[in-house]
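Data first, discussion second: the structure below is written as structure tokens.
Every number in this text was worked out from the coordinates using simple rules, so none of it is lab data. Given the structure is predicted, the values throughout are model-derived calculations rather than measurements. Because the Cβ atoms are built from the backbone with ideal geometry, glycine has one as well, and the counts that use them run over all protein chains shown.
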Amino acid sequence: MKTNLHIEGGININTDILEVFEQYKNFVFRLALSYTKSVHDAEDISQIVFIKMFQNKDKVEEGKEKAWLAKVTVNESKNLLKSFWRKNIVSMEQEIEFENPEYSEIYDKVMKLQAKYRVVILLYYFEAYSTKEIADILNIGQSLVTTRLQRARKKLESILKEECYEYTI
């Protein structure tokens, strides 16, 4: 049973939330996974993020759902990493599947980077965000995003060279 209740300036409650969920569930999961390196934690964060979206449906601007989801996912991931329980649990590294095997290999190398570098690489290259959008999502300056991207590329290049890959970044 679907109702099509529309909140002024917000999204349609049932129809749009389900569409947004289907469209961005993998994005939210991958972003959370890039922070936590745990499939279970990423699943938990994904659930929290979409629950918050439902609870704050009137604050989510139409057309800006992905940016809102990214910002909330980053914040929830950081909160989890700061939590007492998380600090006392050793997570197991688990794999995520991509349609393109080359993406999977590169993603594995990106996951070896520190979180601050890993996130900007994923948002910039895998999700096609601009440096300005990434700065807004992470609440940091655009110049810092650019610096982190440059450093991440260098670190990723050295990781790839160590493993005899010849990718151009």
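Find out how many positive minus negative residues lie around residue 29, taking Lys and Arg as positive, Asp and Glu as negative, among other residues whose Cβ is under 11 Å from that of residue 29. Before the final figure, lay out each step's value.
Details: positive: 25, 30; negative: 41, 43, 44.
My count for the surroundings of residue 29 gives -1.
Just grab the label-to-label distance for residue 116 and residue 153, each label 7 Å out from Cα along the Cβ direction, in nm (one decimal).
Between residue 116 and residue 153, the label points sit 1.9 nm apart.
Spin-label point model (7 Å from Cα, Cβ direction): what's the residue 75 to residue 58 distance in nm?
1.8
What FRET efficiency comes out for the pair residue 82/residue 40, r = Cβ-Cβ distance, R0 = 22 Å, nearest 0.05?
Details: r = 18 Å, r/R0 = 0.80.
Here the calculated transfer efficiency is 0.80.
Residue 123: net charge of surrounding residues, Cβ under 13 Å, Lys/Arg +1, Asp/Glu -1, itself excluded? Please report the intermediate quantities before stating the final value.
Working: positive: 30, 66, 71, 116, 118, 132, 148; negative: 127, 133, 136.
After counting each charged neighbour, the total is +4.
What is the extension gain from residue 139 to residue 25, computed as 0.36 nm multiplied by their sequence separation minus the C-alpha to C-alpha distance, in nm to one decimal? If you can, show how the numbers build up before the last one.
On the way: separation 114, 0.36 × 114 = 41.04 nm, distance 2.23 nm.
In short, 38.8 nm is gained.
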